[in-house]
Amino acid sequence: MPSARLSILAVVFAFTIQAPALQEPACADDPLLCLPGKVIFQESFSTPSLDSQWTIPKGDWNIIEQALRGSELPADKHSAVIRKEADFPENFIIQFKFRFSGGKAIHCSFNGKGHICRATLTPEGYMLKGEKVKNDPEDRAVTVGQVQQKFAPGKWHTMQIEVAGNEFVAQVDDGPIAFGADQKIGRPKTNFGFPMSGTYSEIDDIKIWNAKLNPNWEARKETLTPNKIIPPQPPTLEKRFQNFDKNGDGSISLKEFTNPRKKDKRAAAEKQFKRKDKNQDGKMSLQEFSPAKK
């Protein structure tokens, strides 16, 4: 009997030691806006190939040394894009590691009927944006939060994003906190992804929790330094030209020049094209596109 009792106690003791490993993992960093609930998604890229539920519309994506590496392809003329379907609750926390290794930008993008909101990281810092409403040419994206923070190439960092209704909060490591709110943020989200510009950047250890609003958030927000939103620089002449030159042949066709306009503006755009097309070859060069100097 004593030996049987000791065996039972040994089993109970072993289970007690192992039980914490079965619990939901906690957030690595203390959340601000939200209180975490259960983990609803987790990905560590520990297998040699990607889960088939990830979709890749653009770019080159590979798992290298148990991290996901994304590179923009010049032929795409678009950022590399990878996405995964996910029915997000109204309030959630997402955390992931990232590393710049020559890339220009990493976006953590949330989408539904069109793009909803995103965090955009560059080696100089990051911003939080509410995206324009799909099929509304009058609508514009809005930057709700922005911080300056240096991210050296080759070094891993951890970003934590919190969304509760229309509010958007983020922090990288123990750096400054980006925060803001807009009605665009609270729209339903059915997938998320990581567009990347340049060659190349990496992400790893993605975790998503459902959450509830932290009742102490409003008091905490009063103690935070307001974000300084830096207005975007207007695009250069060359960038505007490239935006029209969809096929990248170094010239703008009549169709490329008029199609982006609203239908009631296309006739005027066609007249403008014909005025600029000085040699009447049906194509507008960069020199012809440039406004005439007075």
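No lab work stands behind these numbers, since they all come straight from the coordinates. Owing to the predicted nature of the structure, the values given are computational and were not obtained by experimental measurement. Every residue, glycine as well, gets a Cβ built from its backbone with ideal geometry; the counts of neighbours run over all protein chains shown.
Run down the aspartates and glutamates and flag those whose C-alpha is under 18 Å from the C-alpha of residue 58, throwing out any fewer than 8 positions away in its chain.
Result set, ordered by chain and number: 72, 76, 85, 202.
Just tell me, in residue order, which DSSP H segments of the chain are both 18 angstrom or longer along the helix axis (alpha-carbon based) and at least 0.0 in mean Kyte-Doolittle hydropathy. List each step's numbers first, then the result.
Working: long enough: 2-18 (24 Å, 1.42).
Helices passing the filter in the chain: 2-18.
Give the relative contact order (percent, whole number) for the chain; include only Cα pairs under 8 Å separated by 6+ residues. Walk me through the numbers before you get to the answer.
Details: 607 pairs, mean separation 63.2, N = 294.
That works out to 21 percent.
By the gyration tensor of its Cα atoms, with a ≥ b ≥ c the square roots of the eigenvalues, what is the shape of the chain: rounded for a/c under 1.5, prolate for a/b over b/c, or oblate? Spell out each step's value before the answer.
On the way: a/c = 2.72, a/b = 2.09, b/c = 1.30.
It comes out prolate by the Cα gyration axes.
Considering only C-alpha atoms, what is the centroid distance from segment 51-103 to segment 129-166, in Å?
One Cα centre to the other: 16 Å.
With a cut-off of at most 16 other beta carbons within 10 Å, and DSSP calling the residue loop, which GluC sites (Glu not before Pro) in segment 104-198 qualify? Please list them. Don't skip to the end; give the middle numbers.
Values: sites: 124, 131, 138, 162, 167; in loops: 124, 131, 138.
Answer in residue order: 124, 138.
Based on the alpha-carbon gyration tensor of segment 237-289 and its eigenvalue square roots a ≥ b ≥ c, which shape applies: rounded if a/c is under 1.5, prolate if not and a/b is larger than b/c, or oblate? Display every interim value, and only then the final one.
Details: a/c = 1.82, a/b = 1.19, b/c = 1.53.
Oblate, because a/c is 1.5 or more while a/b does not exceed b/c.
Taking only C-alpha pairs under 8 Å that are 6+ residues apart, what is the relative contact order of segment 237-289 in percent? Please list the in-between numbers first.
Numbers: 47 pairs, mean separation 19.0, N = 53.
Relative contact order of segment 237-289: 36 percent.
Could you tell me the calculated FRET efficiency between residue 42 and residue 267, based on Cβ-Cβ distance and R0 = 41 angstrom, to the nearest 0.05?
Working: r = 54 Å, r/R0 = 1.32.
Computed FRET efficiency for residue 42 and residue 267 comes out at 0.15.
Step through the table entries 104/262; 246/271; 228/263; 77/276; 150/239; 129/155, compare each Cα-Cα distance with 30 Å, and write down the pairs that go over it. Provide the component values of the computation, followed by the final result.
Details: 104/262 32 Å; 246/271 20 Å; 228/263 38 Å; 77/276 26 Å; 150/239 26 Å; 129/155 25 Å.
Long pairs (Cα-Cα over 30 Å): 104/262; 228/263.
Please list, in order along segment 44-51, the HN-Hα scalar couplings obtained from phi with the Karplus expression 6.51 cos²θ - 1.76 cosθ + 1.60 (θ = phi - 60°), rounded to whole Hz, x for Gly and Pro.
10, 6, 8, 9, x, 10, 6, 4
Which order do peptides 173-179, 205-211 fall in by mean Cβ count within 10 Å, highest first?
Working: 173-179: 17.4, 205-211: 20.7.
Listed from highest to lowest mean packing, they are 205-211, 173-179.
Just subtract the alpha-carbon distance of residue 64 and residue 233 from 0.36 nm times their residue separation and send over the number in nm, one decimal.
On the way: separation 169, 0.36 × 169 = 60.84 nm, distance 3.53 nm.
Gain on extension, residue 64 to residue 233, equals 57.3 nm.
Set the Förster distance to 30 Å, then compute FRET efficiency between residue 132 and residue 51 from the Cβ-Cβ distance, nearest 0.05. Numbers along the way, then the final one.
Details: r = 30 Å, r/R0 = 1.01.
It comes to 0.50.
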